[in-house]
1. Averaged over peptide B:97-106, how many Cβ atoms belonging to another chain are found within 10 Å of each residue's Cβ?
2. Express in whole angstrom the spacing between the alpha-carbon centres of segment B:1-52 and segment B:77-96.
3. Shape verdict for segment A:117-238, please, from the Cα gyration tensor: rounded (a/c under 1.5), prolate (a/b greater than b/c) or oblate.
4. Starting from the Kirkwood Rh over alpha-carbon pairs, what translational D in µm² s⁻¹ does segment A:186-266 have by Stokes-Einstein at 10 °C and 1.306 mPa s?
5. How far is helix A:346-372 tilted, in degrees, relative to the longest principal axis of the Cα atoms in chain A, given as a value from 0 to 90 rounded to the nearest 10?
6. Give, in whole angstrom and from largest to smallest, the semi-axes √(5λ) of the equivalent ellipsoid of segment B:103-237, with λ running over the eigenvalues of the Cα gyration tensor.
7. Other chains' Cβ within 10 Å of A:303-314 residues: what's the mean?
8. Describe numerically, in nm with one decimal, the distance between label points set 7 Å from Cα along Cα→Cβ at residue A:50 and at residue A:265.
């Protein structure tokens, strides 16, 4: 009965309710877009670290888990591999270079990451072959690099790196393409550690090694259920290191928490505004319908029918608005340039949609309470 | 007692505000037999609407008893009263009678749905009732597409479709012209008589009293006068006798 009355009212006033659904759709677009932007920015920041085949990262002490500031001697990596409870460990060294696309085009900034092939930190290829130590002038690039510069397996790419005071160009052959492995807002190129040290930007072009200074060590545990024990073991055995899990590591990246906090605040405020807008609309609706509600009660409509009608109306209008908003968001996202980082994951979209559907009834609670309290005699002016 | 559908015994309603005590209805005893249609008349403030609100279980009495079909509803809670209203009482109001987003037929069917007795045969009965009320072309019209008179006729159909024992009407002709008003009350009266229901209509318009079986005049919350043969009441129009029925100052 409540659904019957709701549908009848919405259908007979469809223009009004459609327009209000559009308001909810706009709120949905804003919230979903903010969520997608948050996810996109986070992904750009953490994608490589999040996909590591490891549970822990070893950093230098007192650098607040900053991958850029952390410096670890190669020997520490060797030592880490021998610790009981560690299944495998891999060195990771970060730097930035540019990839020359065409003569007349701006070079593309990429993360230049040195890893040890087949060790934690070296991504698996989805096309071509995984990274190898030899020959030296080969690289595994991530999908976003491939998309950005239009490179395929077997292509040669040219990187530009500052050696001393001069920009030098080096050719690398793409032997494989990994999935998305963006790091610190840049697409990534993976090379062996020795190649990395040779080609990374540095003050002294002749200073490179096959066992260079690393930034972090990725640790894969034998037993991932007791990581705190392993953390203690590593810090007890290796001097001047700190160990943390992957999530803490990427959340400690400069600006990460501030950026996510800002976006979450925007999202929170949008939810709040949505709640108030929906609440306000339905409250006005109820105020306009007081005599009608009074009449329904006077002819014997129970309070729960009046409330259920109001709730189902809010749910129907909200659902319609959220569906339109979600479709509009996906359509809008599809038209955005690829450098705008808007990503949608099933979980983030589902959580956002469920929250949007809940704010309708939450905002409408006051109007439902108002409908519940309508006195037939007063409403009918008897 | 059971030969009356509606029976009130010493029914009173008193409002208190600080030191002020207002006896809106004072010890009214009223009996309505099956098929009897009564008009409650009287000036503003005479207690007729309060009386109607109590009979409709919308307002609790201060003292006294009300029986409908011998069943008292003095001790009913709000939920029970709502159920009692939708099953036993048919109500027509002065305004805001219809649900604006339901068509004429849907408004009538609303009572069937509320009472969970909606079926194809009941829906046909609702349609037949509207046809009888001369609303052939308005069956699928929304209230906004109908005249006031047509709306009141739909409201009458709605108040009768669920076979209530008591039918109450609060100034059903207030917003109608004389011709329409007479037509509406005539139909109302016919349906009450045919179906052997108890009908009570509050009205200011004494010309409508020729269609009822009894006129009860209320003054200051009490029954002042009962006219048992009101059929020729409009003959009195323009006379002091007529004025006395609605103007207590002249009594």
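Bear in mind these aren't lab numbers, they're just calculated from the coordinates by the rules spelled out. Remember, it's a predicted structure, so these values are computed and weren't measured experimentally. All Cβ positions, glycine included, derive from the backbone under ideal geometry; neighbour counts span all protein chains shown.
1. On the way: counts 5, 2, 9, 5, 10, 5, 2, 0, 0, 4.
Averaged over the peptide's residues, the number is 4.
2. 17 Å
3. Numbers: a/c = 2.25, a/b = 1.38, b/c = 1.63.
Cα axes put segment A:117-238 in the oblate bin.
4. It diffuses with D of about 98 µm²/s by this estimate.
5. 20 degrees
6. 28, 17, 12
7. That average works out to 1.
8. Computed distance between label sites residue A:50 and residue A:265 equals 2.3 nm.
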